[in-house]
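A.B. asks: Before I ask anything, let me first share the structure, which is written out below as structure tokens.
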Amino acid sequence: MIIKQLILENIRSHESTEIEFAEGKTLIRGDIGSGKSSIMMSIEAALFGKKLKELIRKGEESGKIELTFEIKDENMNLKKYSVIRKLSTSTQKGGEIIYHSEGNKKEFSADELSIEVTRILNINETAKAQEIFQAFVLAKQNELKKLIEGSKKSDVDERTTIIMRAFEMEAYKFAIDNTVRLNQRIKNVTIGKNGEIKKLNEIEKSIQEKNDKIKKMKNDLETIKSLRIKKENTYNSKKDEYDKIKEERTKISVINSLIKSKEREINEKKEDILNNDKKRNIKKDKLVKSGKTIEQIRKGIENLVPLDGLRNKEDRLNNQITHLKMDMNRKGDDAKRYEEIQKDGKCSTCGREISNSSGYDELISTVNMEKKDIEKEIIKINEEKNAVRETIEENQKNKDLKRDVEEINDIDETNKKLDEKIQGLINEINEQKVKLNELPDENKLKLVEDEKNIAEKEFHNENNRLTIIDRDLQNEMNNLNEMNLELEKLKQTKLDINKLDDINEWLNKYFINTVQLIEDHVIHTINYKFNELFKEWFELLVEDTSKTVRVDEKFTPIIEQNEFEQTFEWLSGGEKAGIALAYRLALNSLIRQQPIGFRPELLMLDEPTDGFSKEQLTKVSNILSDIENKQVIIVSHNQEFTKLDQIISVTKENDISRIQTHSYGD
């Protein structure tokens, strides 16, 4: 852990202070009461959040501490954090952490913030985190001797607890305690499981009985299956026979319907014959009334002049008559006009006077004679036309009679065919009646139906028996499966009990003893290393070669002079200061040697030279200047320190602390 920056707002005498810390040795110097120790107190408060209200500047209601530091995580990656504490005289405020390496920021409550900082520092004991920090990193003013003073059991236990927790020795005790609890839980589980496997033999016996029962049921099932197949075959045979007879019986209604249909058809054809006979009689009466025999009609038709020629002749005669009538009318008009001229003596057309009208008599006579000749011609032509008309009408009558003769012949032919069809239908009806007599009767159908129903009932009875036995067999097999599962479970439980007994034996005989041996070895190693470091620092700080120091198994310092133990209270002030400083420096050196966990590269000493004589100050100052920590922050008012990388001078004016930072030698 390396501190990079500290920002204070309304913290004790610091109204607004910003300090940039360098790596190496930093000396914070100033007069007594200038605000030096407030800097150390603020660093501790930013990390652990204790006694925050006491730090707020007098007359102010709030304040702020912002501490920026770098530290390596468990993967030895360097991470940078800024912890911001918000202080208030009225309420407990939280704060936030800026995760510079990740580029984000999170807000926390006051307690959550302390827990998160402890995690970042890799201190596993959150409750004792501040005490561990004070023991290994921060030695506050007048508290250097606190850790080693006191010989009471409570003092020794507290010192030992802090050291053991810093080195995570509680993990061994935790492992042993958990193992004991696990051992008891295993015993309890084993007791319960032993109760479960008591019915193991009983279940095995039940499974054997169940297997015998299932075997018998399977044999019964096969017998019933065979019998059911026979019953099914009998039923299917009777059903086929019944269906065949029933199908044959359905033909009866079909044949009856067919017979009725053919009978209706016969009646219809007979009706057609009667109707045809009526038509034939009508035609025959017409021939009788004509007075001609059929032979005469045929000959008359053979001698007929074609109607088209007769009609053309008739038309021509009509045209002649029409023209003659027109000529006759013109002659009449001429005679009438002549008579009018003769009477009037002038032309009715041009009005010219006629002097001699004797010539018109002849004209009138000639015209009238011509008119009579035309009338005679018309009469003659009319007679010829009437003769043609009579011939046409006679021909038409003969043709009608011929058509009647042909229709009579057609009717006779149709009736003949109808008679043939009627006879065919009668034959078909007789054939169907023969088939009808060959079909099974109702009694046969009823007998086969009864046999079918009996066979069906017997088949269904066997099928139901098969279903019931099959269902019972399935239930028994399901029960057997469940019993086998339970048996396997109990066998597995028995194996589990054996494994648990083996685990318990291993935990009791080997694991707990091994953990205790490891714990003893680790404690011994830590004690040994610490003892050696403590001796080294003591020899550097205390000049009296007649005195030696060591620590016992509880890390209590033992001072000897000429092989006689001395109590801490009987030592001089300089000797007490030297032993206390040596103890703290040894702790810091030892904690930095940890491979994992809390490994602070920081050492903070507040007035570490208090208690040393003036002659010792220079030596002690030089020793502290040679400490190998990456960052050492010393608060002191003496001027004996050398080999510094940074000096922070603190002054106070009008109850406000001022900071001036410069490199050593500037």
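The values are calculated or read from the model by the stated rules, or taken from the named source; none is laboratory data. Here the structure is a predicted model, which is why all the values come from computation and not from measurement. Cβ: placed from backbone, ideal geometry, glycine included. Neighbour counts: every protein chain shown. Each accessible area value is taken on the protein alone, full model and side chains, heavy atoms only, with ligands, DNA and RNA left out. Shrake-Rupley method; radii C 1.70, N 1.55, O 1.52, S 1.80 Å.
A.B. asks: Please find, among PHE459, PHE530, the residue that is surrounded by 12 or more Cβ atoms within 10 Å (Cβ to Cβ) and within 30 Å of THR160 (Cβ to Cβ).
C.D. replies: Only one candidate passes the filter, namely PHE530.
A.B. asks: Could you list, ordered by first residue, the pairs with Cβ atoms under 7 Å in which the first is in segment 367-382 and within 14 Å of HIS323 (Cα to Cα) and the second is part of a helix (DSSP H, G or I) and acidic (Asp, Glu), at least 6 apart or interchain?
C.D. replies: ILE374/ASP327
A.B. asks: I've got another one for you. Can you tell me which residues in segment 112-141 are open to solvent by 70 Å² or more (accessible area, probe 1.4 Å) and either at pLDDT 80 or above or not in a loop (DSSP other than H, G, I, E, B) (or both)?
C.D. replies: Scanning segment 112-141 gives GLU112, ILE115, ARG119.
A.B. asks: Tell me yes or no: at least one residue of segment 484-501 is acidic (Asp, Glu), in a helix (DSSP H, G or I), open to solvent by less than 40 Å² (accessible area, probe 1.4 Å) and on the phi < 0 side of the Ramachandran plot.
C.D. replies: Among the residues of segment 484-501, not one is acidic (Asp, Glu), in a helix (DSSP H, G or I), open to solvent by less than 40 Å² (accessible area, probe 1.4 Å) and on the phi < 0 side of the Ramachandran plot, which makes the answer no.
A.B. asks: Pairs under 7 Å by beta carbon, first residue closer than 20 Å to LYS260 by Cα in segment 423-446, partner open to solvent by 70 Å² or more (accessible area, probe 1.4 Å), six or more apart or different chains?
C.D. replies: Hits for this filter: ILE429/GLU263; LEU439/LYS251.
This table checks each residue for (1) out of contact with any Ser or Thr (no Cβ under 7 Å at 6 or more places or on another chain); (2) acidic (Asp, Glu); (3) without any contact (Cβ under 8 Å) to a residue 24 or more places away in the chain; (4) under 19 Å from VAL156 (Cα atoms).
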| residue | (1), (2), (3), (4) |
| --- | --- |
| ASP520 | yes, yes, yes, yes |
| GLU532 | yes, yes, yes, no |
| SER546 | yes, no, yes, no |
| LYS554 | no, no, no, yes |
| GLU563 | yes, yes, yes, no |
| GLN566 | yes, no, yes, yes |
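A.B. asks: If a residue must be aliphatic (A, V, I, L, M) and open to solvent by 10 Å² or more (accessible area, probe 1.4 Å), how many such residues does segment 89-109 contain?
C.D. replies: Here the count works out to 1.
A.B. asks: So, in segment 462-483, of the ones that are among the charged types (D, E, K, R) and over 30 Å from ASN236 (Cβ atoms), which residue ends up least open to solvent (accessible area, probe 1.4 Å)?
C.D. replies: Per the criteria, the residue is GLU476.
A.B. asks: Considering only residues of segment 177-217 that are touching an Asp or Glu at 6+ places or on another chain (Cβ under 7 Å) and within 21 Å of LEU495 (Cβ to Cβ), which is modelled with the lowest pLDDT?
C.D. replies: LYS193
A.B. asks: If I filter segment 220-233 for residues that are within 48 Å of the chain's Cα centre (by Cα), within 30 Å of LEU500 (Cα to Cα), in contact (Cβ under 8 Å) with a residue 60 or more places away in the chain and surrounded by 12 or more Cβ atoms within 10 Å (Cβ to Cβ), do I get at least one hit?
C.D. replies: Within segment 220-233, not a single residue is within 48 Å of the chain's Cα centre (by Cα), within 30 Å of LEU500 (Cα to Cα), in contact (Cβ under 8 Å) with a residue 60 or more places away in the chain and surrounded by 12 or more Cβ atoms within 10 Å (Cβ to Cβ).
A.B. asks: Turning to a different aspect of this structure: Residue check: is GLU241 part of a helix (DSSP H, G or I), at pLDDT below 90, of a type in the set (Asp, Glu) and open to solvent by 60 Å² or more (accessible area, probe 1.4 Å)?
C.D. replies: yes
A.B. asks: Identify, from the list LYS397, LYS457, LYS435, the residue that is closer than 30 Å to ARG311 by Cβ and among the charged types (D, E, K, R).
C.D. replies: Every option except LYS397 fails the conditions.
A.B. asks: Looking at segment 14-55 only, could you name the residues that are part of a loop (DSSP other than H, G, I, E, B), of a type outside the set (D, E, K, R) and open to solvent by 40 Å² or more (accessible area, probe 1.4 Å)?
C.D. replies: Once the filter is applied, which keeps residues that are part of a loop (DSSP other than H, G, I, E, B), of a type outside the set (D, E, K, R) and open to solvent by 40 Å² or more (accessible area, probe 1.4 Å), segment 14-55 yields ILE32, GLY33.
A.B. asks: Have a look at THR548, THR661, THR556, THR609 and point out the one that is of a type outside the set (D, E, K, R), farther than 25 Å from PHE69 by Cβ and open to solvent by 30 Å² or more (accessible area, probe 1.4 Å).
C.D. replies: It is THR548.
A.B. asks: So which residues in segment 56-88 are surrounded by 13 or more Cβ atoms within 10 Å (Cβ to Cβ) and polar (S, T, N, Q), if there are any at all?
C.D. replies: SER62, THR68, SER82, SER88 - these are the residues of segment 56-88 that are surrounded by 13 or more Cβ atoms within 10 Å (Cβ to Cβ) and polar (S, T, N, Q).
A.B. asks: From the list ASN368, ASN437, which residue is surrounded by fewer than 12 Cβ atoms within 10 Å (Cβ to Cβ) and assigned to a helix (DSSP H, G or I)?
C.D. replies: Sole residue among the options that is surrounded by fewer than 12 Cβ atoms within 10 Å (Cβ to Cβ) and assigned to a helix (DSSP H, G or I): ASN437.
A.B. asks: Here are some conditions: (1) free of Cβ contacts under 8 Å to residues at least 40 places away in the same chain; (2) not in a helix (DSSP H, G or I). ASN453 meets all but one. Which one does it not meet?
C.D. replies: (2)
A.B. asks: Also: Within segment 538-580, take every residue that is among the acidic types (Asp, Glu) and under 25 Å from LEU605 (Cα atoms) and give me the one that is modelled with the highest pLDDT.
C.D. replies: Taking the candidates together, the pick is GLU539.
A.B. asks: Still on this model: Quickly run through segment 463-506 and pick out the residues that are within 22 Å of ASN201 (Cα to Cα) and of a type in the set (Asp, Glu).
C.D. replies: Result: GLU476, GLU482, GLU486, GLU488, ASP496, ASP501.
This table checks each residue for (1) farther than 30 Å from ARG57 by Cα; (2) open to solvent by less than 10 Å² (accessible area, probe 1.4 Å); (3) of a type in the set (Asp, Glu).
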position	(1), (2), (3)
MET604	no, yes, no
ILE623	yes, no, no
VAL632	no, yes, no
VAL635	no, yes, no
GLU640	yes, no, yes
LYS643	yes, no, no
ASP655	no, no, yes
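A.B. asks: So, GLU9, is that one in a strand (DSSP E or B), more than 19 Å from GLU116 (Cα to Cα), open to solvent by 40 Å² or more (accessible area, probe 1.4 Å) and out of contact with any helix residue (DSSP H, G or I) (no Cβ under 7 Å at 6 or more places or on another chain) or not?
C.D. replies: yes
A.B. asks: Do you know which of the residues in segment 142-156 that are modelled with pLDDT of 70 or more and either open to solvent by 60 Å² or more (accessible area, probe 1.4 Å) or within 52 Å of the chain's Cα centre (by Cα) (or both) is farthest from ILE523 (Cα to Cα)?
C.D. replies: So, considering only residues that are modelled with pLDDT of 70 or more and either open to solvent by 60 Å² or more (accessible area, probe 1.4 Å) or within 52 Å of the chain's Cα centre (by Cα) (or both), the one farthest from ILE523 (Cα to Cα) is LYS152.
A.B. asks: Now a separate question. Any residue in segment 179-199 that is within 18 Å of LEU487 (Cα to Cα) sitting within a Cβ distance under 6 Å of a residue that is open to solvent by 80 Å² or more (accessible area, probe 1.4 Å) and not aliphatic (A, V, I, L, M)? List the pairs, counting only those 6 or more apart or interchain.
C.D. replies: Hits for this filter: ILE197/LYS494.
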